[in-house]
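Read the structure below first, then the notes.
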Amino acid sequence: MKTKDELIEDLLDLAFAEDLGDGDHTTLSTIPADAMGRSRLIIKEDGILAGVEVAEKVLNKVDPSIKMTVMIKDGAEVKKGDIAFTAEGPVRSLLIAERTMLNIMQRMSGVATMTRRYQDELKGLHTRVLDTRKTTPGMRMLEKDAVRIGGGTNHRIGLFDMILIKDNHIDFAGGIEKAIQRADDYCARNGKDLKIEVEVRSLDDIRRVLAHGGVDRIMFDNFTPELTKEAVALVDGKIETESSGGITLENLRAYGEAGVDFISVGALTHSVKGLDMSFKAF
């Protein structure tokens with residue numbers, strides 16, 4: 001299995017392959033090979049900054065001779081007009097790196113900004129906002145990083161690092177108890193130390209899960225805040241609880257006040273507006 005750094009490297013390889021082709025002919029035709037210059041990353045919209053460390057990887061990949069000076073680090077609140085960093089080096093290299101770097105930073109900063117907004121809505125509660133697997137193909141590691149930078153918590157990274165028994169698994173397996181037992185047996189048989197979470201659709205489902213045991217977390221799927229409060233009381237702190245489905249910024253607080261430990265929100269990554277910024281010569 002590839003490491004996080006290897007996956008990011010693969011993403012950068014693909015990004016430059018689709019952008020560069022056989023060369024940046026605009027830059028090659030208008031900029032002398034020996035021209036040197038400076039550019040700065042200008043924030044054009046208030047939000048949470050994310051992707052500075054990745055920007056350094058992008059610049060280094062294009063040209064290791066580029067010198068980057070960071071003024072604002074990942075996770076900081078930024079305002080319109082702030083300068084996050086400067087970069088100095090061959091002008092051709094700065095121009096080639098610009099769009100790929102901005103695409104990544106705008107996306108990550110948008111995710112971090114959205115996450116902070118959701119987590120701030122839960123101030124004073126123990127409930128944490130979780131991301132999901134509803135990510136941009138190829139950018140999952142970066143978007144998961146952005147969620148953490150924004151103050152959220154990562155759910156499972158993929159299909160490999162946790163067992164999440166959802167409604168389809170339950171229906172195909174022939175019931176909640178069978179699905180849980182098979183997951184437990186699978187882990188024992190294969191030497192896997194994986195947390196097991198199971199999705200429930202009713203209070204009766206919760207009773208069945210508690211009676212069977214063998215899970216680490218219960219996910220309340222499409223429960224109302226009122227039903228969630230009943231569900232949390234029924235679980236009574238025996239295992240972790242999570243709310244999912246139909247949750248928006250407007251009703252998030254009600255779910256948190258119902259007492260769940262986690263709330264998973266696909267909107268953190270699947271419908272985010274990028275934070276506006278530009279990379280300009282100075």
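The values are calculated or read from the model by the stated rules, or taken from the named source; none is laboratory data. Because the structure is predicted, anything quoted here is derived from the model rather than measured. Cβ coordinates were reconstructed from backbone atoms using ideal geometry, including for glycine residues, and neighbour counts include every protein chain displayed. Just so you know, the surface numbers come from the protein's heavy atoms only, side chains and all, with ligands and any DNA or RNA stripped out. Shrake-Rupley method; radii C 1.70, N 1.55, O 1.52, S 1.80 Å.
Would a scan of region 209-224 turn up a residue that is closer than 24 Å to residue 187 by Cα, modelled with pLDDT of 95 or more, open to solvent by 50 Å² or more (accessible area, probe 1.4 Å) and in contact with a strand residue (DSSP E or B) (Cβ under 9 Å, 6 or more places away or on another chain)? Yes - at least one qualifying residue is present in region 209-224. Among residues that are open to solvent by 10 Å² or more (accessible area, probe 1.4 Å), in contact with a Phe, Trp or Tyr (Cβ under 7 Å, 6 or more places away or on another chain) and of a type in the set (A, V, I, L, M, F, W, C), residue 114 is not included.
Residue 279 meets all of the listed conditions (1) surrounded by fewer than 16 Cβ atoms within 10 Å (Cβ to Cβ); (2) in contact (Cβ under 8 Å) with a residue 40 or more places away in the chain; (3) of a type in the set (A, V, I, L, M, F, W, C) but one, namely (1). When region 48-68 is limited to residues that are touching a residue at least 24 places away in the same chain (Cβ under 8 Å) and of a type outside the set (A, V, I, L, M, F, W, C), the one that is most open to solvent (accessible area, probe 1.4 Å) turns out to be 57.
Taking region 244-268 as the range and being open to solvent by less than 30 Å² (accessible area, probe 1.4 Å), in a loop (DSSP other than H, G, I, E, B) and out of contact with any Lys or Arg (no Cβ under 8 Å at 6 or more places or on another chain) as the test, the residues that pass are 245, 247, 260, 265. Here residue 41 qualifies as crowded, with 17+ Cβ neighbours inside 10 Å and over 20 Å from the mean Cα position of the chain (by Cα).
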